[in-house]
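Reviewing the structure listed below.
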Amino acid sequence: MSAELIERFYEAFSRRDHAAMAACYHPEVHFSDPVFPDLHGPMAAAMWRMLCERGTDLRLEYSAVTDTSAHWEAWYTFSATGNAVHNVIDATFEVRDGLLVRHVDDFDFYAWSRQALGFTGLLLGWTPMVKNKVRSQAGRQLEKFAAKNRTG
């Protein structure tokens, strides 16, 4: 049953259907990844909406779906630099009341930063300074997006 829910989530994501993705989330969902380490409830849904709406060339594939995990890969252009990114992600999930209540995406931040940030990522992408700067900028963008779209 949970594997079907996770498949539904990624099918919606592959169509960039943020509303269908959000429908898979429990109202008390907690999402975490290396860029957005602590999103709760509507802010998690707002993040997917922002990524779906802004990721005009986003392509993804998912596999190895179980009741608690999935593997997925995304190809897109990082808008801040125009660089092509291929991100490889392993996700874990917890389900409550038939909905995703915990979602953790894990990926190699340094590998991502080398692609997304180019030379800066190559030189400094492994440092906490760069990770914190990316998190801060992404958090501000999400807050602005959520406020503009009356989500979160």
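Values in this text are rule-based calculations from the coordinates and carry no lab data. Because the structure is predicted, anything quoted here is derived from the model rather than measured. With ideal geometry, Cβ positions are generated from the backbone for all residues, glycine too; neighbour counts draw on all protein chains shown.
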Inset, instruction - Find out how many positive minus negative residues lie around ALA3, taking Lys and Arg as positive, Asp and Glu as negative, among other residues whose Cβ is under 13 Å from that of ALA3. - result: -3
Inset, instruction - Please compute the net charge surrounding ASP67, taking Lys and Arg as +1 and Asp and Glu as -1 over other residues with Cβ under 14 Å from its Cβ. - result: 0
Inset, instruction - Quick one: work out the % antiparallel among DSSP beta bridges in the chain, nearest 5. - result: 85 percent
Legend entry - Normalised contact order of the stretch 2-148, rounded percent, pairs of Cα under 8 Å and 6 or more residues apart: 22 percent
Legend entry - For the chain, the longest site-free run once trypsin sites (Lys or Arg not before Pro) in DSSP loop states with at most 14 other Cβ atoms within 10 Å are removed: 16-149
Inset, instruction - Quick one: among MET21, MET129, MET50, which has the greatest mean-square fluctuation in a GNM of the chain with alpha-carbon springs under 10 angstrom? - result: MET129
Inset, instruction - For an R0 of 25 angstrom, estimate the FRET efficiency from the Cβ-Cβ distance between HIS86 and LEU124 and round to the nearest 0.05. - result: 0.75
Inset, instruction - Report which label in [x] 94; [y] 111; [z] 158 holds the value of volume of the Cα convex hull per residue in Å³ derived from the coordinates of this structure. - result: [x]
Legend entry - Among ALA22, ALA138, ALA46, residue whose mean-square fluctuation peaks in a GNM of the chain (springs only between Cα atoms under 10 Å): ALA138
Legend entry - 17 Å Cα-Cα reach of LYS133 towards aspartates and glutamates, excluding residues that sit fewer than 8 places from it in its own chain: ASP33, ASP38, ASP108, GLU143
